[in-house]
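Working notes, structure below.
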Number of protein chains: 2
Amino acid sequence: MNFTKLNPQILAEIKSILGENAVFTDAESLDNYSHDETEDLRYQPEVVVKPKTTAEVSALLKLCNGYGIPVTPRGGGTGLSGAALPIYGGVSLSMEKFKAIIEIDTENLQATVEPGVITEEFINAVAEQGLLYPVDPSSKGSCFIGGNVAHGSGGPRVVKYGTIREYILNLEVVLPNGEVIWTGANTLKYASGYNLTQLMIGSEGTLAVVTKIVTKLLPKPQNSVLMMGSFSTNEEACAAVSAIFRAGVTPSALEFMERKGVEWVIKYDDIKFDLKDDVKALLMIEFDGDDLDDIFKNCEKTNIVLEDHKCTEVLFADSSAQKEELWRMRRTMAESVKSNSVYKEEDTVVPRAALPELINGIKEIGAKYGFESVCYGHAGDGNLHVNIIKAGMSDDDWKNKLKFGITEIFELTRDLGGTLSGEHGIGLVQKDYMPIKYSEIHLNLMRGIKQVFDPKGILNPGKMIPDLK
Amino acid sequence: MNFTKLNPQILAEIKSILGENAVFTDAESLDNYSHDETEDLRYQPEVVVKPKTTAEVSALLKLCNGYGIPVTPRGGGTGLSGAALPIYGGVSLSMEKFKAIIEIDTENLQATVEPGVITEEFINAVAEQGLLYPVDPSSKGSCFIGGNVAHGSGGPRVVKYGTIREYILNLEVVLPNGEVIWTGANTLKYASGYNLTQLMIGSEGTLAVVTKIVTKLLPKPQNSVLMMGSFSTNEEACAAVSAIFRAGVTPSALEFMERKGVEWVIKYDDIKFDLKDDVKALLMIEFDGDDLDDIFKNCEKTNIVLEDHKCTEVLFADSSAQKEELWRMRRTMAESVKSNSVYKEEDTVVPRAALPELINGIKEIGAKYGFESVCYGHAGDGNLHVNIIKAGMSDDDWKNKLKFGITEIFELTRDLGGTLSGEHGIGLVQKDYMPIKYSEIHLNLMRGIKQVFDPKGILNPGKMIPDLK
């Protein structure tokens, strides 16, 4: 890519748009914005900017588009695919000052928020009005809702409530040339031309910069019960997953955790959980609703399925404290794995009945290439986070051989009807694996769409779509 | 547009691809495929074709793309926006032979179907397996699931279950140049590049021809109860709509019907319903679920809201026969209006709390321009079908003045946060109103996307996006 480097004159122009206080070139800032949560990757921007208004973003993009300076939008920096890394330098466009919850419209069950709002703060704000925004990725305490839009985020409740895709009604976005549009309308239905709102979701900041978000909200369910089932093999736990749905119940969460992940997180985060010696895998199953009797009926149906699948123990958590402790275990698992070993995380997703085949296949591929893995994730959606652990693998194998193992994992995922990522996105680190799933014809359609929105290619360059061969 | 006309040689080539029996040029066929359910519009194709396989569609499109012959895909012919009308002649591509329900996967709660399957037949087939496919437009007895994909269809259950957009996981499509791709994966989550599946939904056959559809399914709820509330003004009925959701309940259907529509349909379809003299509007409210007690609790909460909104009478229907009779009333309403008068139907959608303002505004605009209107629709989604009745309007006014009235209706819709169509699509008849809602910048993005998929512009030309000014 042939981009213009920043120079003092351009920097002065940026400062004149955003103000001195919103433009950072000191070493510490450049370092802070050189990484997200993706492995140990670092790419320094030439400048970090923190605009406050749509007009500022517009003027900034117009300037950068004119000069041919790359702009990499950034949310909370919690991404796991490297989408926020400024790999060509240029501008790191942090949306952290877009912090307003503009409106919670209790008449229409909608809200309008800025993209820099932390997801959990938004969830709590609508909960105070008796409403539910069900998109809660594990990073909800620090990720931004704008980043969630960019990645089509999910989280544990997808299994009942769907991904963020089903909650975003309308977006204000700034195109790379500085033009501002609303992508749709504040309506629950939309059949008025190509759905640009949906196109933006999961586009990883490569098409436009989101500056306002209109979401749908739901009435908040009054009750929930959490069950934890123990299994003596991964395969039995995974097989129980699709059986639960076939029993006619829909949990509000259905999470899988492999033993090693549980052991690590118990130590890492001092979790109170009695992990028995014979347990190889856990299923966390939550039901929510207004009516506790109805919830218990679903728990009973589920219990029968678990027994049929050789579940060795079922724990019921109905106090808030118990539930919170178990959820903390699940949510901190990624961090605990990270603290234990050099790792790479893949975000495989398949039709859920294929989970046993997927997890067995991953272990076989690991045996072949000499890596271990810790798997956990949103099993109810067929979405398994595969943490590949360096452990005894040599540096040379880790660097040169592992990619063939990952390729085999993705080939398996594809062959089972799945794809590369369910919710973490493609970003930088999965980009080169895209041809495993998508033909050149398919990738060319993506390249064409990119070209329509961003003809000069300044917005988050080098992400998601592999370069033309 | 500058398209090639069919000639005997091209016709012979088409016949050699599809076989003599799948190619029709007789006057009756051309006439049958010259219209859908949109007003009284007629445009004759030069040839009607009925391919049976993806390979045949591919070879056909490749040929037509090479020659520059327009191809207009067609589903069940029930469209209300004229999207299936071959306005430039050429090929009417009927998908009526794509009739297979390929698989109902009860392990994964997914199905794979061909686009020519009638929606109701699919609903019934999955219901036999204890499963729910909740997308049921009023035309479900004759529309095709492929047409539903093309229009982003809804129907009464959207209010609880969402539109077809939330049920389509993956599509096999043929691009205008004959290339075949699957747009995504058979997974509940997807964060692997631009979401081409979502882009196809609602694209009205302008980007590619859908040849296979993978849908998500749900467990089928075991019970439902239908309530019918009577009101003495439209406004009170509409105001009750958002109040029902604010009470913390989510109906599985929430339909509004204006008195005149009810009167007409009672006569037209011999419906057994006692419409009292003082009733100006009805709300049909359905709850579904497994637990009847839970359903009745929701009915009670709703009853309180209805009383607060001056509902004059509430009827409870819990027998299948009663429910079916009331649903027949709602579903046949469009036909009854059609049989009563020359009309135009607009498919306005707004945030639901804006419904009272919308319906009052429509009546005021009608008074200004001298037209009457009959309104009904999916009030729970803020989606109001506005049937403009010619009645006493002169032919000249109908032809020349009405469009200004429609423009005002769409301006009002836009100003209330809504858009032109919730589920009927833009097609031919709403196309020229698109600039009311969308800027040239926005429309140019749509034109750019069209160009990426269909550079020669052969696929359903002249629809959805207004021509460049």
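The values are calculated or read from the model by the stated rules, or taken from the named source; none is laboratory data. Since we're looking at a predicted model, the values are computed, not measured. Cβ coordinates were reconstructed from backbone atoms using ideal geometry, including for glycine residues, and neighbour counts include every protein chain displayed. Accessible surface areas use protein heavy atoms only, side chains included; no ligands, DNA or RNA. Shrake-Rupley method; radii C 1.70, N 1.55, O 1.52, S 1.80 Å.
General observations
- Filter result (within 15 Å of residue A:256 (Cα to Cα) and assigned to a strand (DSSP E or B)) within segment A:276-296: A:281, A:282, A:283, A:284, A:285, A:286
- Residue list for segment B:337-355, filter: surrounded by fewer than 24 Cβ atoms within 10 Å (Cβ to Cβ) and more than 11 Å from chain A (Cβ to nearest Cβ): B:337, B:338, B:339, B:340, B:341, B:342, B:343, B:344, B:345
Conditions tested, residue by residue: (1) in contact with a Leu (Cβ under 9 Å, 6 or more places away or on another chain); (2) closer than 30 Å to residue B:159 by Cα; (3) among the aromatic types (Phe, Trp, Tyr).
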{"residue": "A:54", "(1), (2), (3)": "no, no, no"}
{"residue": "A:70", "(1), (2), (3)": "yes, no, no"}
{"residue": "A:78", "(1), (2), (3)": "no, no, no"}
{"residue": "A:89", "(1), (2), (3)": "yes, no, no"}
{"residue": "A:106", "(1), (2), (3)": "yes, yes, no"}
{"residue": "A:113", "(1), (2), (3)": "no, yes, no"}
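- Candidates A:261, A:229, A:202 - the one that is closer than 23 Å to residue B:169 by Cβ and either touching a strand residue (DSSP E or B) at 6+ places or on another chain (Cβ under 6 Å) or not assigned by TED's automatic domain parsing to the domain that holds residue A:429 (or both): A:202
- Among the residues of segment B:181-205, the ones that are open to solvent by 20 Å² or more (accessible area, probe 1.4 Å) and either more than 9 Å from chain A (Cβ to nearest Cβ) or part of a strand (DSSP E or B) (or both) come to 1 in all.
- Number of positions in segment A:430-452 that are within 22 Å of the chain's Cα centre (by Cα) and open to solvent by 40 Å² or more (accessible area, probe 1.4 Å): 3
- When restricted to residues that are under 25 Å from the mean Cα position of the chain (by Cα) and within 22 Å of residue A:157 (Cβ to Cβ), segment A:251-293 contains 21.
- Of all residues in segment B:3-35, those being assigned to a helix (DSSP H, G or I) and without any contact (Cβ under 8 Å) to a residue 12 or more places away in the chain number 9.
- Among the residues listed as B:299, B:311, the single one being part of a helix (DSSP H, G or I) and either in the same structural domain as residue B:383 (by TED's automatic domain parsing) or not basic (Lys, Arg) (or both): B:299
- Single residue of B:39, B:114, B:46, B:120 found to be assigned by TED's automatic domain parsing to the domain that holds residue B:173, farther than 15 Å from residue B:212 by Cα and open to solvent by 20 Å² or more (accessible area, probe 1.4 Å): B:120
- The number of residues in segment A:265-312 that are at positive phi and either of a type in the set (A, V, I, L, M) or open to solvent by less than 40 Å² (accessible area, probe 1.4 Å) (or both) comes to 1.
- Some residue of segment B:79-101 being hydroxyl-bearing (Ser, Thr, Tyr), open to solvent by 20 Å² or more (accessible area, probe 1.4 Å) and within 14 Å of another protein chain (Cβ to nearest Cβ): no
Here is a yes/no grid of residues against (1) charged (D, E, K, R); (2) farther than 30 Å from residue B:75 by Cα; (3) more than 18 Å from the chain's Cα centre (by Cα):
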site: B:327; (1), (2), (3): no, no, no
site: B:340; (1), (2), (3): no, no, yes
site: B:343; (1), (2), (3): no, no, no
site: B:355; (1), (2), (3): no, yes, yes
site: B:367; (1), (2), (3): no, yes, yes
site: B:378; (1), (2), (3): no, no, no
site: B:421; (1), (2), (3): no, no, no
site: B:425; (1), (2), (3): no, no, no
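- Across segment B:36-52, the number of residues qualifying as assigned to a loop (DSSP other than H, G, I, E, B) and over 25 Å from the mean Cα position of the chain (by Cα) comes to 1.
- Failed item in (1) within 14 Å of chain B (Cβ to nearest Cβ); (2) of a type outside the set (S, T, N, Q); (3) free of Cβ contacts under 8 Å to residues at least 60 places away in the same chain; (4) in contact with a helix residue (DSSP H, G or I) (Cβ under 7 Å, 6 or more places away or on another chain), with residue A:280 passing the rest: (1)
- Of all residues in segment B:357-383, those satisfying the criterion of being open to solvent by 20 Å² or more (accessible area, probe 1.4 Å) and not charged (D, E, K, R) are B:360, B:367, B:369, B:370.
- Verdict on residue A:62 being outside the structural domain of residue A:178 (by TED's automatic domain parsing), over 30 Å from residue A:339 (Cα atoms) and open to solvent by 40 Å² or more (accessible area, probe 1.4 Å): yes
- Restricted to helices (runs of 4 or more DSSP H) entirely inside segment B:365-469, those with at least 2 residues that are in contact with a Gly (Cβ under 8 Å, 6 or more places away or on another chain), among the hydrophobic types (A, V, I, L, M, F, W, C) and over 27 Å from residue B:149 (Cβ atoms) are B:402-415.
- Among the residues examined, residue A:55 does not qualify as assigned by TED's automatic domain parsing to the domain that holds residue A:14, touching a residue at least 24 places away in the same chain (Cβ under 8 Å), more than 13 Å from residue A:90 (Cα to Cα) and not in a loop (DSSP other than H, G, I, E, B).
- Among the residues of segment A:410-429, those identified as at the interface with chain B (Cβ under 8 Å from one of its Cβ atoms) and surrounded by 24 or more Cβ atoms within 10 Å (Cβ to Cβ) are A:418, A:419, A:420, A:421, A:422, A:423, A:424, A:425, A:426.
- Filtered residues of segment A:420-467 (kept if small (Gly, Ala, Ser), in the same structural domain as residue A:403 (by TED's automatic domain parsing) and touching a residue at least 24 places away in the same chain (Cβ under 8 Å)): A:421, A:422, A:425, A:427
- So residue A:321, is it buried (at least 19 other Cβ atoms within 10 Å of the Cβ) and either at pLDDT below 95 or more than 28 Å from residue A:421 (Cα to Cα) (or both): no
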